[in-house]
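As structure tokens, the structure follows; a few thoughts come after it.
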């Protein structure tokens, strides 16, 4: 506890008590979430190694998939280990500074999930609708410009949210009804006016998630319109296969994200345990799903993975046989 300039005592220590209504059964959550964490970690790491080692996978589309896997790994590390330790050992405490740092990384890194999906959608739009101009529009210079604009947009909005949250006095409860630090989960404990924080938070959601999702939908509408007008047979099936998987990931991610964010604005709209589950899944589920969508369902990546697997299994055996002979 500490006093601010107004003489109000403000909490500097908090407890992350998501799913506290489950009581002793809360420990059992360690099993499913740790399994998802391991699957997501191994899957994304394998995806990064596969794309990095495959010389044929260094085109912009696969580079975006690799960056997406890096984002997923970073996002997992920022909150899942702390959450799992909280489930297993009841290590629920976190300082205000630690909460703000975790909040920054969760929102900043998480904001790139929708942005990378937008980049993939634009890449597919150019490749399918104007293939003859693909090399003119999609190259490293365009990629770096796109990245610079995205980083500036996402960081400025997230930093504004963090700075405003750090200036509040938390003089009521110090129990955060969530498994990690989110913006509204923290500022809802403040004893002052949080209207500005709520507005800026919503602005960030709409400027990043809603804006990106809107452009993704427009891109795929144009893609499908062009494909069904000018292509037939296998070309249509290929476009539906490629774009359909991207739309599934986008739809699931967007639904979880918006449900979690809007639930804080409409209190009692969801039971606490359901809200906690959605808050975790909007970050963890896409990270677990991406290696399946982009690894197993993408032929070039799948073939490179099989080559690596054969090298790591058959290679050592061959060396051993030669040494015996």
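Bear in mind these aren't lab numbers, they're just calculated from the coordinates by the rules spelled out. In this text the structure is predicted, and so the values were computed from the model without any measurement. With ideal geometry, Cβ positions are generated from the backbone for all residues, glycine too; neighbour counts draw on all protein chains shown.
Extension gain for residue 34 to residue 149 (0.36 nm times residue separation, less C-alpha to C-alpha distance): 37.9 nm. A simple spin-label model places pseudo-atoms 7 Å from Cα toward Cβ; at residue 95 and residue 15 they are separated by 2.0 nm.
The angle separating the long axis of helix 299-324 from the principal Cα axis of greatest extent in the chain is about 80 degrees. When the chain is treated as a GNM with alpha-carbon contacts under 10 Å, the residue of 107, 58, 290 showing the greatest mean-square fluctuation is 58.
Spatially, the stretch 154-200 and the stretch 75-122 are offset by 15 Å when compared through their Cα centroids. Quick note on the stretch 143-234: its Rg to Rh ratio, both from C-alpha atoms and Rh being the Kirkwood radius, is 1.21. Compared with the dominant principal axis of the Cα atoms in the chain, helix 211-230 is inclined by about 20°.
Between residue 300 and residue 142, residue separation times 0.36 nm minus the direct Cα-Cα distance comes to 54.5 nm.
Axis angle, to the nearest 10 degrees, between helix 195-205 and the longest C-alpha principal axis of the chain: 10 degrees.
By the count of neighbouring beta-carbon atoms within 10 Å, fewest first, 181, 311, 207 end up ordered 311, 207, 181.
Once the Cβ-Cβ distance between residue 49 and residue 193 is put in as r, and R0 is 56 Å, what FRET efficiency do you end up with, to the nearest 0.05?
Result of the calculation: an efficiency of 0.70.
The mean sequence separation of alpha-carbon pairs under 8 Å and at least six residues apart, normalised by the residue count of the chain, gives a relative contact order of 27 percent. Shape summary: the stretch 11-320 maps onto an equivalent ellipsoid whose semi-axes, from the alpha-carbon gyration tensor, are 37, 25, 17 Å in decreasing order. Adding -39500 (n - 2.57) for every DSSP H run of four residues or longer, then dividing by how many residues the chain holds, sets the calculated 222 nm ellipticity at -25000 deg cm²/dmol.
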